[in-house]
1. Check every one of the helices (runs of 4 or more DSSP H) wholly within chain A and list those with 2 or more residues that are without any contact (Cβ under 8 Å) to a residue 40 or more places away in the chain and of a type in the set (A, V, I, L, M).
2. Among (1) part of a helix (DSSP H, G or I); (2) farther than 23 Å from A:Thr96 by Cβ; (3) of a type outside the set (Ser, Thr, Tyr), where does B:Glu16 come up short?
3. Of all residues in the range B:124-142, how many are within 11 Å of the chain's Cα centre (by Cα) and within 10 Å of B:Ile43 (Cβ to Cβ)?
4. Just need a number here: residues in the range A:82-112 that are more than 9 Å from chain B (Cβ to nearest Cβ), buried (at least 20 other Cβ atoms within 10 Å of the Cβ) and either out of contact with any helix residue (DSSP H, G or I) (no Cβ under 8 Å at 6 or more places or on another chain) or modelled with pLDDT of 90 or more (or both).
5. Tell me which residues, restricted to the range B:10-33, are among the acidic types (Asp, Glu) and within 14 Å of the chain's Cα centre (by Cα).
6. Within the range B:63-170, considering only helices (runs of 4 or more DSSP H) that don't extend past its boundaries, which have at least 2 residues that are within 7 Å of chain A (Cβ to nearest Cβ) and over 30 Å from A:Arg36 (Cβ atoms)?
7. So which residues in the range B:131-150 are over 13 Å from A:Leu93 (Cβ atoms) and at pLDDT below 85, if there are any at all?
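The values are calculated or read from the model by the stated rules, or taken from the named source; none is laboratory data. These numbers were taken from a predicted model, which means no experiment stands behind them. Ideal geometry is used to build each Cβ from the backbone, glycine not excepted, and the neighbour counts take in all protein chains shown.
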Amino acid sequence: MPVWFVRGLRRGVVTTRYPARPDSSAASLPTPPAFRPRELTCELVDRMIAVCPGPALRRSDKTLVFDAGACTACGWCARVAPGAVASSGEFELAATDRSALVKTIPILGEQQ
Amino acid sequence: MKPTPDAAVTAEKLREQIAAQFGRSLHIRTLDTGSCAVCEQEIRLLAAPHYDLHRLGFFFTPAPRHADLLLVTGPMVRAFELAARKAYEAMPGPKVVVATGACALGGVYRADPFVHGEVEAVLPVDVWIPGCPPSPLALLHGLGVAVGRLAEKTPGLTFIAADEIPGDGA
């Protein structure tokens, strides 16, 4: 008798919940950026927008508009501004409202 | 288009119906509208033993006539528009459309003579799953959100690094 069958009989549970246990691969997934508002300056944000391969980043005066839906988690913005951008670690981003994926981030850094 | 109060009530009713009917049994038809096939690779992994989609009662079906959920990938090339509309119309109601991957969400291709740029331009999308490609875990979460089994996390996210609180002095 297969081991999993015996285990299922003993536990009385044949199916598992989602996720059954933390997935070990989740830690190594590329994830969208998380920004540090105090490190961001308008000039830095403009440089990040210039390297972003998609329309994920946009600046509106002193706010950075980040569209997580359009982000491909390529990491180019983090390469331009390593101090101001980190990996968010969030990948379960499914949304029932498209506008919920668009986030505004204040730019609080001092202008050079 | 802003939903009218009547439409909002209908949408809520439909959402409850979908949760009740599809919660434990959902048939999925994937629709590739010009994707690079990496999304399809991730979708295929859902049926593999590691993720084992079938334990949740979700199944892939080869025909839209048997499908409850349309999993759409790619930027919706204009040549595929008619086929996409036909696939959607062939599905029995209630039906759910899930836009999968950054292309489908308008993140990679801009609207041009060859592509619409996003799935929403042609089909009414109910759930958006970002990612390039979305990992199988993200897809599972998205399907759970689509049938009302899992809560969405996005409204609570700020994409501001955890060590910085917004608007705190500075």
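1. Those helices (runs of 4 or more DSSP H) span A:3-11, A:42-51.
2. For B:Glu16, the exception is condition (2).
3. 2
4. Selection size over the range A:82-112: 0.
5. B:Asp32 - this is the single residue of the range B:10-33 that is among the acidic types (Asp, Glu) and within 14 Å of the chain's Cα centre (by Cα).
6. B:136-146
7. B:Gly148, B:Arg149, listed by residue number.
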